[in-house]
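Asker: Before I ask anything, here is the structure I am working with.
Computed from the coordinates by the stated procedures, all read-outs in this text should not be read as laboratory data. In this text the structure is predicted, and so the values were computed from the model without any measurement. Here the Cβ positions follow ideal geometry from the backbone for every residue, glycine too, while neighbour counts run over all protein chains shown.
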Amino acid sequence: AAGTLSRVSWLAGVIDVLRIYCYFFVFFAAALLLYRRNFEETARASGPSPALIMINPSFSGIIPAVSSLFFRHYPGIFLVLRALTPARYRIVDYNRHLWEDRFFEEKGIVAITCFSSNSPEAYRIAKEYRRRGNTVIMGGPHVTFFPDEALEFCDAVVVGEVEGVWEEIISDYENGCLRRVYQGSCPPEKVRRVVEFMKEVPANMLFGSLEATRGCKFRCHFCTSPALLKGRSLRATVED
């Protein structure tokens, strides 16, 4: 009787383990299906028009990669670049995609933004695009703090805010005189153009919140924003 009970307990344990694995694979399959349906890259248009390829790389690790399939929004930087890029460019965007080699087949100017947490993936993508003959521009917090490091993998970097220099970058790219480093700025007239553009985009490109300030009035030592924005802030309220 004891042996029979032991075998039953062992079988029940195996069944429990199999059930847990089944739950995991069902969850992963559902996540992949959702990813394919809702976050497929922008449809590629045929024809000779130049392409702007915008990339927000996925974060490292299994949990961040899977969670990003459910919890993410269209990056604000993508809206900025869309607003300031000439209409003749067709847009291809990859927002935290599970990267596939076929994405490298697209040709054009490549704009990659990254934090320190996803900089290894950003550098890997930039290096391969560049190897295939594309021009790669990098920006974002990590690149702003480590431009020399980023320049090992790309053609040019933006230090700081891109609004004030993106149209210059496009012009230099088209005229074959791209500089290695662009010191960013944020002129009010560029911000107004971006805001006007945002009023016209589809609702699914806008995150469900209202951003009333640019930066933060506090200067916490652990935060990148004060150094990144160099103290600039376009506030809608009166400063203390």
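Asker: Starting with the highest mean, order 151-164, 193-206 by the number of other Cβ atoms within 10 Å, averaged over the residues of each peptide. Spell out each step's value before the answer.
Answerer: On the way: 151-164: 20.4, 193-206: 11.6.
Descending packing order for the listed peptides: 151-164, 193-206.
Asker: Counting only other residues whose beta carbon sits under 15 Å from that of residue 178, what net charge do I get with K and R as +1, D and E as -1?
Answerer: Residues near residue 178 contribute -2 overall.
Asker: Now, a different point. 5 Å is the cut-off here: which amide hydrogens, built 1.01 Å from N in the peptide plane, fall below it relative to residue 58, excluding neighbours closer than 5 in sequence?
Answerer: Correct list: 96, 97.
Asker: Please give the contour-minus-distance gain from residue 219 to residue 174: 0.36 nm per residue of separation, less the Cα-Cα distance, rounded to one decimal in nm. Could the numbers behind the result be given before it?
Answerer: Values: separation 45, 0.36 × 45 = 16.20 nm, distance 3.94 nm.
Difference between extended and current length: 12.3 nm.
Asker: Rounded to the nearest 0.05, what FRET efficiency do residue 128 and residue 200 give with R0 = 30 Å and r taken as the Cβ-Cβ distance? Could you check?
Answerer: After rounding to 0.05, the efficiency reads 0.30.
Asker: Output wanted: per-residue J couplings in Hz (rounded whole) for region 155-169, from phi through Karplus 6.51 cos²θ - 1.76 cosθ + 1.60, θ = phi - 60°, x for Gly and Pro.
Answerer: 3J(HN,Hα) across region 155-169, in whole Hz: 8, 7, 10, 10, 9, x, 7, 8, 3, x, 10, 5, 5, 5, 4.
Asker: Residue 111's amide H: which non-local residues (gap 5+, or another chain) put their own amide H closer than 5 Å, with H modeled 1.01 Å from N in plane and none for Pro or chain starts?
Answerer: Under 5 Å from the amide H of residue 111 lie the amide H atoms of 53, 54, 55, 137, each far enough along the sequence or on another chain.
Asker: What number, in nm² with one decimal, is the all-direction average of the projected area of the convex hull of the alpha-carbon atoms of region 149-194?
Answerer: Details: hull surface 13.8 nm².
Taking the Cα atoms of region 149-194, their convex hull projects to 3.5 nm² on average.
Asker: Another question about this same structure. Principal axes first, then extents: for the Cα atoms of region 113-217, list largest minus smallest coordinate on each axis, whole Å, largest first.
Answerer: 39, 33, 30
Asker: Where a ≥ b ≥ c are the square roots of the eigenvalues of the C-alpha gyration tensor, would you call region 72-128 rounded, which needs a/c under 1.5, or, failing that, prolate if a/b is larger than b/c, or oblate?
Answerer: Working: a/c = 1.85, a/b = 1.26, b/c = 1.46.
Here region 72-128 falls in the oblate category.
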